[in-house]
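Trainee: Structure below; questions to follow.
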Amino acid sequence: MTQYPVTMDLIPDVEAIFDAPTNTISYIVKDPTSNACAIVDSVMDLDYAAGRITHDSADKMIARIRERGLSLEWIIETHVHADHLSAAPYLQQELGGKIGVGEGILIVQDTFGKVFNEGTEFQRDGSQFDALFKDGDTYMVGNMQAFAMFTPGHTPACMVHVMGNAAFVGDTLFMPDAGSARADFPGGDAGVLYDSIMKVLSLPDDMRLFMCHDYAPGDREIAWETTIREEKAENIHVGGGKTKEDFVTFRTERDAQLAMPKLIIPSLQINMRAGEVPTDASGRPMLKVPVNAL
């Protein structure tokens with residue numbers, strides 16, 4: 001098993017920004033010893049009915065980073081999201097920084113390049129991103145060493161990013177009362193997801209976990225931070241010693257009842273390109289709608 005360089009005594013400053021239309025939480029993560037920061041899982045706004053893209057959510061992050069006098073070094077995607085669009089290129093244009101994703105993006109690009117009938121001009125080598133992380137890879141945010149954990153199952157490109165005592169779990173886990181993400185997308189696997197969750201739960205009990213989404217079950221307040229200890233004890237899908245067999249049975253039955261995310265078609269086309277909007281032959285921004293393909 002990969003040995004990860006955990007540093008629990010390093011406590012980054014984490015600022016969350018909640019996007020209500022997509023129930024997404026994006027993060028500005030600051031190195032405690034410098035003005036360097038990273039952004040995790042940004043959002044680009046889309047009025048799908050009107051076909052109109054705006055950057056209100058990203059502009060909030062840009063304003064906060066400038067107000068705080070921070071320097072953006074990394075724009076991290078925990079995976080290729082199917083429920084919201086990434087604002088990574090816009091953020092990079094405004095603030096700089098490198099865009100990073102897991103090397104499993106190659107599988108995602110190959111799979112959905114076929115679904116969307118992309119031509120040879122669509123590169124399936126991950127070159128749209130500045131960095132493709134492997135399991136255990138480290139990178140620096142100022143003086144703070146961060147590392148990536150490969151956690152497939154929801155998608156083939158999922159990674160948890162750990163910075164000091166804070167772990168950004170993407171869709172691998174939800175809050176304890178919400179459980180786990182679906183595993184029925186192309187390349188997903190419930191058994192693999194269970195193993196990935198167990199890997200995450202092997203981190204120190206006091207590790208802070210930050211969610212990418214929250215849907216406020218039971219009409220509670222939106223929440224996004226928990227701990228390894230709380231997840232191990234209380235997560236309704238995997239906590240309290242639930243077995244892999246139980247999880248796979250539940251997850252498979254549950255996923256069969258779920259509708260596709262409302263923004264899956266635009267999200268996949270844009271996010272597999274690191275947030276760039278595809279264009280037609282004349283260079284106009286354009287999205288495709290594959291029929292009976294998902």
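Every read-out reported here was derived from the displayed coordinates using simple, explicitly stated rules and does not represent laboratory data. Just so it is clear, the model here is predicted, and its values are computed rather than measured. So basically every Cβ, Gly included, is an ideal-geometry build from the backbone, and we count neighbours across all protein chains shown.
Trainee: Please sort 185-195, 7-17 by packing, taking for each peptide the average over its residues of neighbouring beta carbons within 10 angstrom, highest first. Don't skip to the answer; put the middle values down first.
Mentor: On the way: 185-195: 19.7, 7-17: 15.5.
Sorting 185-195, 7-17 by mean packing, highest first, produces 185-195, 7-17.
Trainee: Roughly what % antiparallel, to the nearest 5, for the DSSP beta bridges in region 132-253?
Mentor: Values: 15 of 18 bridges.
The antiparallel proportion sits near 85 percent.
Trainee: Moving to a separate point now. Using DSSP, restrict attention to beta bridges with both residues in region 25-96 and report what percent are antiparallel, rounded to the nearest 5.
Mentor: Working: 8 of 13 bridges.
Around 60 percent antiparallel, to the nearest 5.
Trainee: I need the GluC sites (Glu not before Pro) found in region 201-294, filtered to DSSP loop residues with at most 10 other beta carbons within 10 Å of theirs.
Mentor: Values: sites: Glu221, Glu225, Glu230, Glu231, Glu234, Glu245, Glu253, Glu276; in loops: Glu221, Glu276.
Passing both the DSSP loop test and the Cβ count: Glu221.
Trainee: Right, something else. Looking only at the chain, where both bridge partners belong to it, what percent of the DSSP beta bridges are antiparallel (to the nearest 5)? Provide the component values of the computation, followed by the final result.
Mentor: Details: 32 of 46 bridges.
Of all bridge pairs located within the chain, approximately 70 percent are antiparallel.
Trainee: What ranking of Ile105, Ile99 emerges when the number of other C-beta atoms within 10 Å of each C-beta is taken as an exposure proxy, fewest first? Could the numbers behind the result be given before it?
Mentor: Details: Ile105 25, Ile99 21.
So the residues, fewest neighbours to most, are Ile99, Ile105.
Trainee: Okay, moving on. Where Lys and Arg each count +1 and Asp and Glu each count -1, what net charge lies around Arg220 among other residues with Cβ under 13 Å from its Cβ?
Mentor: That sum, taken over residues with Cβ under 13 Å, equals -4.
Trainee: For the chain, with the dipole built from +1 on Lys and Arg beta-carbon atoms and -1 on Asp and Glu ones, taken about the Cα centre, which of Thr252, Met272, Cys212 lies farthest toward the positive end?
Mentor: After comparing all options, I get Met272.
Trainee: Based only on Cα atoms, what Rg/Rh ratio does region 198-264 have, Rh being taken as Kirkwood's radius?
Mentor: On the way: Rg = 13.8 Å, Rh = 13.8 Å.
A ratio of 1.00.
Trainee: Follow-up question, since we're still on this one. Hey, got the dipole for region 13-271? About the Cα centre, +1 on K and R Cβ, -1 on D and E Cβ, debye to the nearest 20? Show your work: numbers first, answer last.
Mentor: Details: 21 positive and 40 negative charges, 25 e Å.
For region 13-271, the charge dipole is close to 120 debye.
Trainee: For n ≥ 4 DSSP H runs only, could you compute -39500 (n - 2.57) per run for the chain, divide by its residues and tell me the 222 nm figure to the nearest 500? Write out the running numbers ahead of the final one.
Mentor: Values: 7 runs with 69 residues, N = 294.
One gets -7000 deg cm²/dmol as the mean residue ellipticity at 222 nm.
Trainee: Note down the relative contact order for region 1-144 as a percent, whole number, built from C-alpha pairs under 8 angstrom at least six residues apart. Let's see the in-between values first.
Mentor: Working: 230 pairs, mean separation 33.0, N = 144.
That works out to 23 percent.
Trainee: So which of Lys98/Lys232; Lys114/Lys244; Lys30/Lys242; Lys114/Lys134; Lys114/Lys232 end up more than 30 Å apart, counting from Cα to Cα?
Mentor: Working: Lys98/Lys232 33 Å; Lys114/Lys244 32 Å; Lys30/Lys242 35 Å; Lys114/Lys134 24 Å; Lys114/Lys232 38 Å.
Result: Lys98/Lys232; Lys114/Lys244; Lys30/Lys242; Lys114/Lys232 exceed 30 Å.
Trainee: For Ser86, Ser127, Ser282, what ranking results if the residue with the fewest other Cβ atoms within 10 Å of its Cβ goes first? If you can, show how the numbers build up before the last one.
Mentor: Details: Ser86 27, Ser127 10, Ser282 6.
Starting with the residue having the fewest Cβ neighbours, the order is Ser282, Ser127, Ser86.
Trainee: Find how much the distance from Asn117 to Arg220 grows on full extension, using 0.36 nm per residue of separation minus their present alpha carbon separation; answer in nm with one decimal.
Mentor: On the way: separation 103, 0.36 × 103 = 37.08 nm, distance 4.18 nm.
Length gained between Asn117 and Arg220: 32.9 nm.
Trainee: Then there's this: Calculate, in whole percent, how much of the Cα-Cα pair population of the chain lies beyond 28 Å. Could the numbers behind the result be given before it?
Mentor: Working: 14287 of 43071 pairs.
Considering the chain, 33 percent of its Cα-Cα pairs are separated by more than 28 Å.
Trainee: Still on this structure: Rank Thr54, Asn35, Ile25 by how far each Cα sits towards the positive end of the charge dipole of region 21-65 (+1 on Lys, Arg Cβ; -1 on Asp, Glu Cβ) and give me just the farthest.
Mentor: So the residue furthest toward the plus end is Asn35.
Trainee: A further question on this structure: Would you kindly calculate the mean projected area, averaged across all directions, of the convex hull enclosing the Cα atoms of region 66-119, in square nanometres? Write down the numbers at each step before the final one.
Mentor: Working: hull surface 19.6 nm².
Dividing the Cα hull surface by four gives the mean projection, 4.9 nm².
Trainee: Given contacts defined as C-alpha pairs under 8 Å and at least six residues apart, what's the relative contact order of the chain, whole-number percent? Walk me through the numbers before you get to the answer.
Mentor: Working: 625 pairs, mean separation 52.6, N = 294.
Normalised by residue count, the contact order of the chain is 18 percent.
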